[in-house]
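Values quoted throughout were computed directly from the atomic coordinates according to the rules given, and no laboratory measurement underlies them. Nothing here was measured: the structure is a model prediction, and the numbers come from that model. Glycine gets a Cβ as well: all are built from the backbone with ideal geometry, and neighbour counts include every protein chain shown.
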Amino acid sequence: MTHPVREKDEHSGVETTGHEWDGIRELDNPLPRWWLWVFYACIAYSIGYWVLMPSWPGLTGYTRGLLGQSDRVEVSRALNDLATVRGAGAAKLKTATLAQIESDPELQAYALQVGTSIFGDNCATCHGAGGGGAKGYANLRDDVWLWGGTLEDIQQTITYGIRSGDDQGRMSQMPAFGRDQLLNSAQVADMTEYVVALSGRQASAAAVTRATPVFAEQCASCHGPAGKGMQSVGAPDLTDSDWLFGSDRASISSQIHNGRGGVMPAWGHRFSPETIKALAVYIHANSGQ
């Protein structure tokens with residue numbers, strides 16, 4: 001059998017492979033020597049790895065390797081070490097009061113680490129990754145609290161929730177004045193102007209005058225005569241610039257008409273007491289209190 005004589009490139013003098021595309025011939029250059037040495041080193045490393053480390057699967061298991069390395073064992077050992085560290089911290093949280101946690105820098109740092117993780121996994125969905133809130137979800141970064149912003153208040157809210165159905169949960173009800181026909185549409189419009197005026201914005205003077213006795217009769221028992229709100233019943237301050245469901249006239253009118261109220265889950269049935277303490281410390285530390 002005779003082999004065809006391969007042509008040489010006239011410019012470089014290197015033989016061609018016989019392949020040609022659009023007049024361009026492929027040269028039969030040898031691989032770079034450094035590349036070959038790297039390739040051979042990889043082969044040698046692979047053989048060594050197969051011998052020393054777990055690698056080849058079998059019918060009933062796998063080759064263990066001469067070093068006996070096991071990632072499963074390493075992960076298990078790391079998790080046990082972590083559980084030991086967390087267990088010691090959790091034991092301290094369990095017996096310490098909220099005030100003691102905040103006064104102990106080491107214990108507070110541990111509580112903040114736990115609280116950060118728990119908040120991100122369970123609370124950020126509604127309150128946002130940084131606790132900044134959204135329409136209908138409270139901002140936990142400011143100093144405005146419907147039910148109080150002390151450590152004990154926050155712990156109570158987390159544990160039992162708001163309108164959660166828990167017997168000890170916080171409970172308040174904003175009447176649906178328009179939907180339930182407690183006020184007619186004209187009175188709802190007047191009350192909207194009254195609330196706008198309470199927050200220091202320009203509003204219809206005539207509407208405010210008409211709504212004044214209605215507010216005193218229907219709203220002052222919860223929001224106070226001056227509209228400053230009452231934390232004991234979770235009634236918001238209507239004179240500031242913080243609004244849970246929006247501050248424009250359409251949002252205020254909708255709230256008066258429909259009487260919306262959010263639900264905060266009762267986490268006491270899901271979290272241990274020490275976890276709730278850590279979460280309370282985290283939220284309090286990042287608030288404006």
Exercise. With a length cut of 15 Å (Cα positions projected on each helix's long axis) and a Kyte-Doolittle mean of at least 1.6, go through the chain and give me the DSSP H helices that pass.
Key: none
Quiz item: Taking amide H positions as placed 1.01 Å from N in the peptide plane, with prolines and chain starts having none, which residues 5 or more places from Ala235, or on another chain, fall under 5 Å of its amide H?
Solution: Met230
Quiz item: Sorted from fewest to most neighbouring beta carbons within 10 Å, what does the list Tyr137, Tyr45 look like?
Solution: Tyr45, Tyr137
Practice problem: Calculate how large, on average over all directions, the projected area of the Cα convex hull of the chain is; give the answer in nm² to one decimal. | Solution: 34.9
Quiz item: Using alpha-carbon pairs under 8 Å, 6+ residues apart, how would you state the relative contact order of the chain in percent?
Solution: 21
Quiz prompt | aspartates and glutamates whose Cα lies under 14 Å from that of Lys135, excluding same-chain neighbours fewer than 8 positions away | solution = Asp242, Asp248
Self-check item: Proximal lysines to Lys92, defined as alpha-carbon separation beneath 24 angstrom and excluding residues fewer than eight positions away on the same chain
Solution: Lys277
Self-check item: 16 Å Cα-Cα reach of Lys94 towards aspartates and glutamates, excluding residues that sit fewer than 8 places from it in its own chain
Solution: Glu102, Asp104, Glu106, Glu152, Glu274
Exercise. Could you please tell me the mean projected area of the C-alpha convex hull for region 185-258, averaged over all directions and given in square nanometres to one decimal?
Key: 4.5
Quiz item: Exposure proxy check: Ile154, Ile43 ranked by fewest other beta carbons within 10 Å?
Solution: Ile43, Ile154
Quiz item: Using the 10 angstrom Cβ neighbour count as an exposure proxy, how do Asp190, Asp237, Asp22, Asp167 rank, fewest first?
Solution: Asp22, Asp167, Asp237, Asp190
Quiz item: What percent does the relative contact order of region 185-258 come to when contacts are Cα pairs within less than 8 Å and at least six residues apart?
Solution: 32
